[in-house]
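A short write-up of the structure that comes next.
The values are calculated or read from the model by the stated rules, or taken from the named source; none is laboratory data. Keep in mind the model is a prediction, meaning the values are calculated, not measured. Every residue, glycine among them, receives a Cβ derived from its backbone with ideal geometry; neighbour counts consider all protein chains shown.
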Amino acid sequence: MDAPSSRTVLIAGASGLVGRSILDGLLADDSVAAVHSLGRRELPVAHPKLTQHRVDFNQALPALPSVGEAFVALGTTIKVAGSQAAFRAVDFDAVLAVAKAAKAAGAKRLGVVSAMGADKGSPIFYNRVKGEMEDALTALGFEGLVIARPSFLAGDREALGQPLRGGEKLAMNVSRVLAPLIPDNYKSIPAKSVANALLKAVPVAHGKRVMMSSELRKAS
């Protein structure tokens, strides 16, 4: 007999490469009874399990339905955001706001997409913000916290209506040519592999776990 559906899950950032794959995985998982998606716009996805909540991440988030776990795949680039302040508003402020709202709604476990170079002491602004975000999430005290630090993501951004990222395209081209010489953690990784690794790790997470690209690829 199949196990009854029992998990209620929150996801933010399901319009992106990793987030969409996480959402697809949750909707296909028989152990998941309900999925609540937070986003600025409605996704072109309809499913009996899915409830979409349109929110403004720059404003206080509304009280959320009770959930047991959450996935946060929010992220942008300084070029797309337009400024360092606008980038931080997404990759730090919005991520932290969703995590706090999820915890207030009962979430015990959280999975988040960060970046390979995340380090609060980094001289590189992007990496420093990612590191500060990770520390802020750690301080929230989830029973289980899984942080994915992928290298450059491979996936079809155009199909999701997202702008192409030149750095990712260059990295993938270099990876194809120099693959044998590049350490596993630095090779580009399919967004679906990152999503699959988080989908497996988060439901059973205890304590804090940081997964680099090589581990994400194997776990997927």
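Residues that are more than 15 Å from residue 11 (Cβ to Cβ) and either touching a Leu at 6+ places or on another chain (Cβ under 8 Å) or of a type in the set (Gly, Ala, Ser) (or both) within segment 87-102 comprise 89, 90, 91, 96, 100, listed in sequence order. Might you let me know whether segment 21-42 holds any residue that is part of a loop (DSSP other than H, G, I, E, B) and either buried (at least 21 other Cβ atoms within 10 Å of the Cβ) or touching a Leu at 6+ places or on another chain (Cβ under 6 Å) (or both)? No, because not a single residue in segment 21-42 is part of a loop (DSSP other than H, G, I, E, B) and either buried (at least 21 other Cβ atoms within 10 Å of the Cβ) or touching a Leu at 6+ places or on another chain (Cβ under 6 Å) (or both). Taking the criterion of being surrounded by fewer than 18 Cβ atoms within 10 Å (Cβ to Cβ), at pLDDT 95 or above, of a type outside the set (Val, Ile, Thr) and closer than 17 Å to residue 88 by Cα, the residues of segment 105-125 that qualify are 119, 120, 121, 122, 123, 125. Residues of segment 126-157 that are surrounded by fewer than 20 Cβ atoms within 10 Å (Cβ to Cβ), touching a Phe, Trp or Tyr at 6+ places or on another chain (Cβ under 8 Å) and over 25 Å from residue 67 (Cα atoms): 126, 132. Residues in segment 20-58 that are more than 16 Å from the chain's Cα centre (by Cα) and among the small types (Gly, Ala, Ser): 28, 31, 33, 34, 46. Applying the condition of being over 19 Å from residue 18 (Cα atoms) and touching a residue at least 40 places away in the same chain (Cβ under 8 Å) to segment 59-74 and asking which residue is surrounded by the fewest Cβ atoms within 10 Å (Cβ to Cβ) yields 63. In segment 89-96 there is no residue that is over 18 Å from the mean Cα position of the chain (by Cα) and either more than 24 Å from residue 190 (Cα to Cα) or in a helix (DSSP H, G or I) (or both). The number of residues in segment 103-119 being assigned to a helix (DSSP H, G or I) and either among the aliphatic types (A, V, I, L, M) or over 25 Å from residue 8 (Cα atoms) (or both) comes to 1. Take segment 92-104 and flag every residue that is crowded, with 18+ Cβ neighbours inside 10 Å and small (Gly, Ala, Ser). Listed by number, the residues that qualify are 94, 97, 99, 101, 102. Cβ-Cβ contacts under 7 Å between residues 6 or more apart (or on different chains), taken from a first residue in segment 46-58 that is within 23 Å of residue 7 (Cα to Cα) to a second residue that is of a type in the set (Asp, Glu), are listed as 52/42; 54/42.
Look at residue 205 and say whether it is crowded, with 16+ Cβ neighbours inside 10 Å, modelled with pLDDT of 90 or more and more than 23 Å from residue 23 (Cβ to Cβ). So residue 205 fails the test.
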